[in-house]
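Asks: Sharing a structure with you now.
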Amino acid sequence: NAGVTQTPKFRVLKTGQSMTLLCAQDMNHEYMYWYRQDPGMGLRLIHYSVGEGTTAKGEVPDGYNVSRLKKQNFLLGLESAAPSQTSVYFCASSQLMSQPRGTQYFGPGTRLLVL
Amino acid sequence: DAKTTQPPSMDCAEGRAANLPCNHSTISGNEYVYWYRQIHSQGPQYIIHGLKNNETNEMASLIITEDRKSSTLILPHATLRDTAVYYCIADPYSSASKIIFGSGTRLSIRP
């Protein structure tokens with residue numbers, strides 16, 4: 001099992017450019033999440049999904065869109081990148097039924113720099 | 001969702017027990033207490049969780065007060081590899097509500 005993987009690991013964007021971050025999990029988990037972490041800060045939830053075809057807003061959703069077309073994949077899109085979106089992005093997944101939902105498995109992160 | 005409060009930083013001597021406190025005075029009856037840690041910008045790692053009873057696994061022990069308003073994570077024999085930021089989270093079971101990580105406690109282990 002690879003667990004949770006994220007692509008790419010690092011990216012530099014210019015202001016106004018767009019990009020998509022890909023998260024994939026091979027644990028057949030129902031829940032998937034996208035977080036951002038700014039330097040010296042805790043994680044903040046951007047969007048999450050409770051199952052294939054569903055998405056919901058988290059704590060800081062503005063400027064981001066997400067899609068969950070397949071159960072194993074959760075995509076995070078930046079339509080027009082801004083310097084304030086410079087951050088480390090973590091994806092996570094968790095199983096709904098076999099254990100309390102809060103046990104999340106995290107990916108290694110994507111470091112994004114917006115110039 | 002209950003909010004948790006943790007000290008911003010702590011330190012502990014290598015080989016000693018590290019006791020990390022967490023206050024969750026507004027926790028409701030169906031909210032589990034979870035602990036995660038994050039080592040040097042890696043993805044957070046699950047440590048342990050509990051509802052009412054004390055719990056122990058190969059990584060740590062979790063002591064929850066009888067009124068459930070606070071808990072303590074215990075690393076019995078801290079090593080340098082335990083240096084990390086530790087997050088305490090209160091999370092309702094099988095709910096789609098938002099999970100709040102907070103700022104955590106930065107634990108430093110002294111050689």
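Read-outs throughout are calculated quantities, based only on the coordinates presented, and are distinct from any laboratory measurement. In this text the structure is predicted, and so the values were computed from the model without any measurement. Note that we place each Cβ from the backbone using ideal geometry, even for glycine, and neighbour counts take in every protein chain shown.
Asks: Out of A:Gly107, A:Asn28, A:Pro61, whose Cα points farthest toward the positive end of the dipole of chain A (charges: +1 Lys, Arg; -1 Asp, Glu; placed on Cβ)?
Replies: Positive-end residue among those listed: A:Gly107.
Asks: Using Cα-only point scatterers and the Debye equation, what is log10 of I(q)/I(0) for the protein assembly as shown at each q in 0.18 Å⁻¹, rounded to two decimals?
Replies: Calculated log10 I(q)/I(0) at the listed q: -1.32.
Asks: Continuing with this model, one more query. Taking R0 as 30 Å, what FRET efficiency do you get between B:Arg110 and A:Leu113 from their Cβ-Cβ distance, rounded to the nearest 0.05?
Replies: 0.30
Asks: Given Cβ point charges of +1 (Lys, Arg) and -1 (Asp, Glu) and nothing else, what value in debye, to the nearest 20, does the dipole of chain B about its Cα centre take?
Replies: Around 220 debye, computed over chain B.
Asks: When a footprinting reagent is the concern and you count Cβ atoms within 10 Å, what order do B:Asp67, B:Asp11 take, fewest first?
Replies: Starting with the residue having the fewest Cβ neighbours, the order is B:Asp67, B:Asp11.
Asks: On average, how many beta carbons from a partner chain sit within 10 Å of the beta carbon of a residue in B:34-44?
Replies: 5
Asks: Let me ask something additional. Lys/Arg Cβ at +1, Asp/Glu Cβ at -1, dipole of region A:39-115 taken about the Cα centre: which of A:Ser49, A:Ser84, A:Gln95 is farthest positive-ward?
Replies: A:Gln95
Asks: Find, to one decimal place in angstroms, the Kirkwood hydrodynamic radius of chain B, where the mean of 1/r is taken over every pair of different Cα atoms and then inverted.
Replies: That comes to 14.0 Å for chain B.
Asks: With θ set to phi - 60°, apply the Karplus curve 6.51 cos²θ - 1.76 cosθ + 1.60 along region A:15-29 and write out the HN-Hα couplings as whole Hz, x wherever there is a Gly or Pro.
Replies: Per-residue couplings from phi come out as 3, x, 6, 10, 7, 10, 9, 10, 10, 10, 10, 10, 9, 6, 6 Hz.
Asks: By residue number, which cysteines of the protein assembly as shown lack any other Cys whose Cβ falls under 4.7 Å from their Cβ?
Replies: Here B:Cys12 come out as lacking a disulfide-compatible partner, given the Cβ-Cβ threshold of under 4.7 Å.
Asks: If you don't mind, another one. Would you kindly derive the ³J(HN,Hα) couplings of region B:36-41 from the backbone phi angles with the Karplus curve 6.51 cos²θ - 1.76 cosθ + 1.60 (θ = phi - 60°), listing them in order in whole Hz, with x for Gly and Pro?
Replies: Computed from phi, the couplings for region B:36-41 are 10, 9, 10, 9, 6, 6 Hz.
Asks: I've got another one for you. Which value in nm describes the separation of the simple spin-label points at B:His77 and A:Leu69, placed 7 Å from the Cα toward the beta carbon?
Replies: According to this spin-label approximation, the distance is 5.2 nm.
Asks: Follow-up question, since we're still on this one. Evaluate the charge dipole of the protein assembly as shown about its Cα centre and quote only its size in Debye, nearest 20, assuming +1 on the Cβ of each Lys and Arg and -1 on the Cβ of each Asp and Glu.
Replies: Its charge dipole is roughly 460 debye.
Asks: Here is a follow-up. Below 8 Å between Cα atoms, with a sequence gap of 6+, how large is the relative contact order for chain B in percent?
Replies: Normalised by residue count, the contact order of chain B is 37 percent.
Asks: Mean separation of Cα pairs under 8 Å and 6+ residues apart, divided by the residue count of chain A: what relative contact order is that in percent?
Replies: For chain A, the relative contact order is 35 percent.
Asks: Next question, about the same structure. Can you tell me the dipole magnitude for chain A around its Cα centre, using point charges on the Cβ only (Lys, Arg +1; Asp, Glu -1), in Debye to the nearest 20?
Replies: In total the dipole reaches around 180 debye.
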